[in-house]
Amino acid sequence: MLNTAICIPLAVAAPCPDIEVVFARGTGEQAGVGWVGQSFVDSLRSKVGGRSVGVYAVNYPANYDFSKSASAGAADASAHVQYMAANCPATRMVLGGMSQGSGVIDLITMSQRTVWFFTPVPMPPEVADHVASVAVFANPSRTYAGLGPLAAISPLYGPKAIDLCATGDPVCSNGTNLFAHFMYPFNGMVSQAATFATSRL
């Protein structure tokens, strides 16, 4: 009688990456990190040498019900960032967002105060030690919420943030060039943000 070995695969947790990008896509984009997010991840990977880069796409509707949508994104992003800080303490995180996604990142990194109908959900202060940098594009908080760039509204994360707004982009400025809102991967700003993030890793 032949003995047949039966191999049972074991569940093995994925190792913690050297770098984890947590990115919230813009309004109307399909699930994932979005086109600006993917461009940012690709640019960052090209700059960090052999270090491993994990990617987490914030799970949220990204629809036009901005209050509920951004709040849901903030809850999901906050939970993931805190999970990574607790379970992968050596991983350096890079937070990012595009358009409404930038607002999601604002909500988890700004100080506690109600803005319009949005209530920030700031993370415990010690989590900031695990976040190397923040990169947001077309941040609506600059205009619609009247707050200014992330550096002005977040004592903990502002000094490690780059908040980019293309000239004429009506979402983050008083401009009227809607085309500018779609140019971040092509106008040098994605590469600029990736260079900034890399310098802080």
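Details
- Using a Förster distance of 30 Å, the FRET efficiency for residue 195-residue 63 (Cβ separation, nearest 0.05): 0.40
- Inter-probe distance in nm under a simple model that places probes 7 Å from Cα toward Cβ, at residue 86 and residue 187: 4.0
- Geometric descriptor of the stretch 77-201, per residue, is 93 Å³ (volume of the convex hull of the Cα atoms).
- Counted by Cβ distance under 11 Å from residue 57, the other residues give a net charge of -1, where Lys and Arg count +1 and Asp and Glu count -1.
- Helix axis angle, 66-87 relative to the chain longest principal axis, alpha carbon, degrees: 40
- Evaluated with a Cβ-only charge set (Lys, Arg +1; Asp, Glu -1), the stretch 21-199 carries a dipole of roughly 220 debye about its Cα centre, given to the nearest 20.
- Ranked packing of 45-57, 147-159, most packed first, by mean Cβ within 10 Å: 147-159, 45-57
- Förster radius 30 Å - calculated FRET efficiency between residue 42 and residue 129, Cβ distance, rounded to 0.05: 0.65
- Spin-label model distance (nm) - residue 30 vs residue 52, 7 Å beyond Cα toward Cβ: 2.8
- Label separation (residue 177 vs residue 16): 4.4 nm, computed from points 7 Å beyond Cα along the C-beta direction.
- With Cα atoms, 0 to 90° folded angle of helix 34-45 axis to the chain main axis: 60
- In a reduced charge model with +1 at each Lys and Arg Cβ and -1 at each Asp and Glu Cβ, the stretch 10-62 shows a dipole moment near 100 debye about its Cα centre.
- With Cα atoms, 0 to 90° folded angle of helix 100-109 axis to the chain main axis: 80
Read the figures in this text as sums done on the coordinates, not as results from a lab. In this text, all values refer to a predicted model and were calculated from it rather than measured experimentally. Virtual Cβ from ideal backbone geometry, glycine too; neighbours counted across all protein chains shown.
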